[in-house]
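*Asks:* So that we are looking at the same thing, I have put the structure below in structure tokens.
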């Protein structure tokens with residue numbers, strides 16, 4: 001054993017022990033979170049998600065240039081692991097090589113050698129984008145900028161020293177060994193070196209520099225915003241599975257030991273929510289697509305998770321060591337780190353979750369903090385008092401009489417379940433479809449379509465209550481659960497199996513979140529049933545050559561929440577009088593109308609109006625009609641058209657109305 005080997009062993013053990021210490025602390029701090037969260041089931045589905053999102057970089061590649069840069073750097077490092085392992089083992093045994101892998105070694109060395117150039121190029125472009133072009137979403141505070149620069153430069157010099165090491169080795173040995181293919185390193189060797197002695201010195205310098213940079217990079221990560229290099233794959237693995245994707249987790253309101261409901265501070269979160277904070281890359285994709293932020297409001301999903309991570313670093317070490325008093329305990333995450341007002345600006349549109357490359361679940365944490373404000377502190381915007389009271393007493397967010405729920409249908413011959421429960425499907429009308437003057441017309445249009453198609457359906461009438469979505473997203477879990485449980489009891493009493501609704505919020509709640517409370521129903525959105533009517537020729541469409549330009553607005557709760565993108569489009573494109581146009585932001589990239597998450601009932605106290613942004617985009621298509629498939633979206637788009645004084649030129653209509661107009 002040489003002096004070099006002995007020094008290396010000391011350096012190696014020191015680096016690994018310090019890294020283990022740092023990781024142990026991170027895990028300890030993560031476990032101060034008390035909220036239970038079981039994420040260990042269905043291993044196969046989780047591995048599949050990791051392969052597609054973490055290794056396939058599918059979300060990052062939604063933004064082509066930035067995605068490609070990250071893809072090259074990520075896979076460069078994955079391939080470089082072979083070189084790193086080889087270099088580390090050489091620290092113990094200098095003559096070691098992976099050449100025994102044979103042809104596999106040829107592939108690895110060739111790919112490593114070529115990929116190194118692409119990684120260097122990617123790092124240079126990344127530095128230019130961040131510090132020269134100054135891409136807006138990448139502009140952070142000075143410490144974060146320094147952090148980013150350090151990481152990128154470490155990556156750059158790790159690759160450079162790798163090339164210097166291999167090129168020196170090639171010169172010393174008079175060329176590459178068996179199965180070794182390093183064209184770039186050979187070219188560098190021919191250019192740089194002229195004597196064996198100086199080259200041997202360069203080999204030792206570059207080898208040691210390479211090793212020290214690798215260990216420095218490794219131990220810098222736990223204290224850097226680039227901690228996501230370590231946590232992003234676990235965070236993706238433990239993310240929500242598709243069958244429970246985008247559903248809020250229920251609170252146990254019967255828990256007598258609960259000190260509070262929701263989350264006021266980090267210990268009220270789950271370990272996964274703390275892991276979300278660790279995993280934030282600060283890339284800004286979430287904030288870049290946030291409708292509230294786009295409209296000039298203070299909400300930044302990225303900043304929320306930066307603050308969660310900051311609060312964790314400030315308080316978790318104390319909690320983990322059994323300390324429960326002092327200056328840090330006079331503060332809370334909500335109020336001191338995160339301003340209340342930004343929590344109420346969220347529309348729960350899920351665009352942030354859709355774009356996050358490391359599968360952070362922003363909406364869950366925002367709603368948990370809202371829950372604490374509502375249930376534990378009774379601190380919420382004053383106009384929500386009337387909304388909560390109306391839901392509790394009238395079973396609707398508006399102050400309408402519950403007995404008037406079926407008034408929209410009085411001239412259509414529609415029966416209630418109480419009158420005759422023998423039917424094929426229940427039409428869940430929803431609060432807007434029952435009480436909103438404009439959306440009553442949609443309920444009537446859809447009912448007429450079902451009658452034309454000879455579909456046997458019923459409604460609940462006055463027995464139907466608010467689905468609970470508005471209260472739940474606003475943090476009033478108690479009120480939401482009350483509505484959900486009472487509705488399930490009613491549906492089960494009539495043995496309802498199949499439901500159709502024109503409201504995406506009702507659709508999402510009934511089909512996904514009611515399952516949490518024992519409500520298992522087959523639920524369709526009305527756009528899906530309309531598509532079925534057309535496909536099966538249950539209704540006869542007119543032939544009309546007089547084309548009208550039309551665009552369609554994706555509801556967040558129909559699209560991003562439930563992947564229903566094509567049914568509405570297919571129905572509209574089947575109409576002969578329609579010249580269909582897409583808005584710039586559509587489908588999974590669609591822009592929120594601004595009414596979700598209870599924002600329908602809150603005032604805009606800061607920034608612009610989200611619906612104005614979206615309506616402007618619709619108008620820019622040149623469409624004469626804007627199609628929607630959601631009562632909230634219809635209201636917001638209609639208000640937007642009025643704002644632009646385009647009411648006489650542009651109509652906002654629901655899919656059901658447009659199809660009914662085009663049927664014989």
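*Asks:* I'm told residue 92 meets every condition in (1) at pLDDT 90 or above; (2) touching a helix residue (DSSP H, G or I) at 6+ places or on another chain (Cβ under 7 Å); (3) surrounded by 15 or more Cβ atoms within 10 Å (Cβ to Cβ) except one. Can you identify the failing condition by its number?
*Replies:* All conditions pass for residue 92, except number (3).
*Asks:* Looking at 54, 45, which is the one that is at pLDDT 90 or above, surrounded by fewer than 16 Cβ atoms within 10 Å (Cβ to Cβ) and outside the structural domain of residue 166 (by TED's automatic domain parsing)?
*Replies:* Being at pLDDT 90 or above, surrounded by fewer than 16 Cβ atoms within 10 Å (Cβ to Cβ) and outside the structural domain of residue 166 (by TED's automatic domain parsing) holds for just one of 54, 45, which is 45.
*Asks:* Mind listing whichever residues of region 450-473 are crowded, with 22+ Cβ neighbours inside 10 Å and farther than 20 Å from residue 511 by Cα?
*Replies:* Scanning region 450-473 gives a single hit, 450.
*Asks:* Here are some residues: 487, 454, 495. Which one is modelled with pLDDT of 95 or more, assigned by TED's automatic domain parsing to the domain that holds residue 522 and in a helix (DSSP H, G or I)?
*Replies:* Result: 487 is the single residue among 487, 454, 495 that is modelled with pLDDT of 95 or more, assigned by TED's automatic domain parsing to the domain that holds residue 522 and in a helix (DSSP H, G or I).
*Asks:* Evaluate the following for residue 445: is it closer than 14 Å to residue 631 by Cβ, out of contact with any strand residue (DSSP E or B) (no Cβ under 9 Å at 6 or more places or on another chain), part of a helix (DSSP H, G or I) and at pLDDT 95 or above?
*Replies:* no
*Asks:* Tally the residues that are loosely packed, with under 13 Cβ neighbours inside 10 Å and under 18 Å from residue 112 (Cα atoms), restricting the search to region 179-206.
*Replies:* Result for region 179-206: 1.
*Asks:* Given the criteria in contact with a helix residue (DSSP H, G or I) (Cβ under 7 Å, 6 or more places away or on another chain) and under 21 Å from residue 286 (Cα atoms), does residue 617 qualify? Full working, then the answer.
*Replies:* Working: in contact with a helix residue (DSSP H, G or I) (Cβ under 7 Å, 6 or more places away or on another chain): no; under 21 Å from residue 286 (Cα atoms): yes.
So residue 617 fails the test.
*Asks:* Follow-up question, since we're still on this one. For residue 480, are the conditions met, namely being without any contact (Cβ under 8 Å) to a residue 40 or more places away in the chain and within 24 Å of the chain's Cα centre (by Cα)? Lay out the reasoning, then the answer.
*Replies:* Working: without any contact (Cβ under 8 Å) to a residue 40 or more places away in the chain: yes; within 24 Å of the chain's Cα centre (by Cα): yes.
For residue 480, the condition - without any contact (Cβ under 8 Å) to a residue 40 or more places away in the chain and within 24 Å of the chain's Cα centre (by Cα) - is met.
*Asks:* State yes or no: is residue 615 buried (at least 19 other Cβ atoms within 10 Å of the Cβ), in contact (Cβ under 8 Å) with a residue 24 or more places away in the chain and under 29 Å from residue 428 (Cβ atoms)?
*Replies:* Yes, satisfied.
*Asks:* Also, quick follow-up: Residue 514: farther than 20 Å from residue 457 by Cβ, touching a helix residue (DSSP H, G or I) at 6+ places or on another chain (Cβ under 8 Å) and at pLDDT 95 or above, yes or no?
*Replies:* Working: farther than 20 Å from residue 457 by Cβ: no; touching a helix residue (DSSP H, G or I) at 6+ places or on another chain (Cβ under 8 Å): yes; at pLDDT 95 or above: yes.
When the stated conditions are applied, residue 514 does not pass them.
*Asks:* Which residue is farthest from the chain's Cα centre (by Cα), if the candidates are limited to region 596-618 and must be under 15 Å from residue 297 (Cβ atoms) and part of a helix (DSSP H, G or I)?
*Replies:* 612
*Asks:* State all residues of region 95-106 that are out of contact with any helix residue (DSSP H, G or I) (no Cβ under 6 Å at 6 or more places or on another chain) and in contact (Cβ under 8 Å) with a residue 24 or more places away in the chain; if no residue qualifies, say none.
*Replies:* Scanning region 95-106 gives 97, 101, 102, 103, 106.
*Asks:* Only one residue in 77, 82 is outside the structural domain of residue 282 (by TED's automatic domain parsing), under 30 Å from residue 204 (Cβ atoms), part of a helix (DSSP H, G or I) and out of contact with any helix residue (DSSP H, G or I) (no Cβ under 6 Å at 6 or more places or on another chain). Which one? First the steps, then the outcome.
*Replies:* Working: 82 fails: out of contact with any helix residue (DSSP H, G or I) (no Cβ under 6 Å at 6 or more places or on another chain).
Only one candidate qualifies: 77.
*Asks:* Okay, moving on. State all residues of region 298-351 that are over 17 Å from residue 274 (Cα atoms), touching a helix residue (DSSP H, G or I) at 6+ places or on another chain (Cβ under 6 Å), at pLDDT 95 or above and assigned to a helix (DSSP H, G or I); if no residue qualifies, say none.
*Replies:* Scanning region 298-351 gives 343, 351.
*Asks:* Does residue 10 qualify as being over 33 Å from the mean Cα position of the chain (by Cα) and either at pLDDT 95 or above or not assigned by TED's automatic domain parsing to the domain that holds residue 255 (or both)?
*Replies:* Yes.
*Asks:* Restricting attention to region 623-652, which residues are touching a strand residue (DSSP E or B) at 6+ places or on another chain (Cβ under 6 Å), surrounded by fewer than 24 Cβ atoms within 10 Å (Cβ to Cβ) and not in a helix (DSSP H, G or I)?
*Replies:* Selection gives 623, 624, 625, 651.
*Asks:* Filtering region 418-434 down to residues that are touching a helix residue (DSSP H, G or I) at 6+ places or on another chain (Cβ under 7 Å) and in a loop (DSSP other than H, G, I, E, B), which residue is nearest to residue 393 (Cα to Cα)?
*Replies:* 429
*Asks:* While we're looking at this one, here's another question. May I ask you to verify whether residue 346 is surrounded by 23 or more Cβ atoms within 10 Å (Cβ to Cβ) and farther than 21 Å from residue 373 by Cα? Write out each step before concluding.
*Replies:* Numbers: surrounded by 23 or more Cβ atoms within 10 Å (Cβ to Cβ): yes; farther than 21 Å from residue 373 by Cα: no.
It is false that residue 346 is surrounded by 23 or more Cβ atoms within 10 Å (Cβ to Cβ) and farther than 21 Å from residue 373 by Cα.
*Asks:* A further question follows. Being surrounded by fewer than 22 Cβ atoms within 10 Å (Cβ to Cβ), under 19 Å from residue 439 (Cβ atoms) and touching a residue at least 12 places away in the same chain (Cβ under 8 Å) narrows it down to one residue among 516, 548, 528; which is it? Give the steps one after another, and end with the answer.
*Replies:* Values: 516 fails: under 19 Å from residue 439 (Cβ atoms); 548 fails: under 19 Å from residue 439 (Cβ atoms).
Only one candidate qualifies: 528.
*Asks:* May I ask you to list the residues in region 420-437 that are surrounded by fewer than 22 Cβ atoms within 10 Å (Cβ to Cβ) and under 20 Å from residue 387 (Cα atoms)?
*Replies:* Within region 420-437, 436, 437 qualify.
*Asks:* Do we find that residue 325 is farther than 26 Å from residue 144 by Cα and either free of Cβ contacts under 8 Å to residues at least 24 places away in the same chain or in the same structural domain as residue 609 (by TED's automatic domain parsing) (or both) in this structure?
*Replies:* Yes.
*Asks:* Among the residues of region 585-595, which ones are part of a loop (DSSP other than H, G, I, E, B) and touching a helix residue (DSSP H, G or I) at 6+ places or on another chain (Cβ under 7 Å)?
*Replies:* 585, 591, 592, 593, 594, 595
*Asks:* Another question, then. If I filter region 360-368 for residues that are within 27 Å of the chain's Cα centre (by Cα), modelled with pLDDT of 95 or more and more than 30 Å from residue 61 (Cα to Cα), do I get at least one hit?
*Replies:* Among the residues of region 360-368, at least one is within 27 Å of the chain's Cα centre (by Cα), modelled with pLDDT of 95 or more and more than 30 Å from residue 61 (Cα to Cα), which makes the answer yes.
The values are calculated or read from the model by the stated rules, or taken from the named source; none is laboratory data. None of these values were measured; they are calculated from a predicted model. Note: ideal-geometry Cβ built from the backbone for every residue, glycine included; neighbour counts use all protein chains shown.
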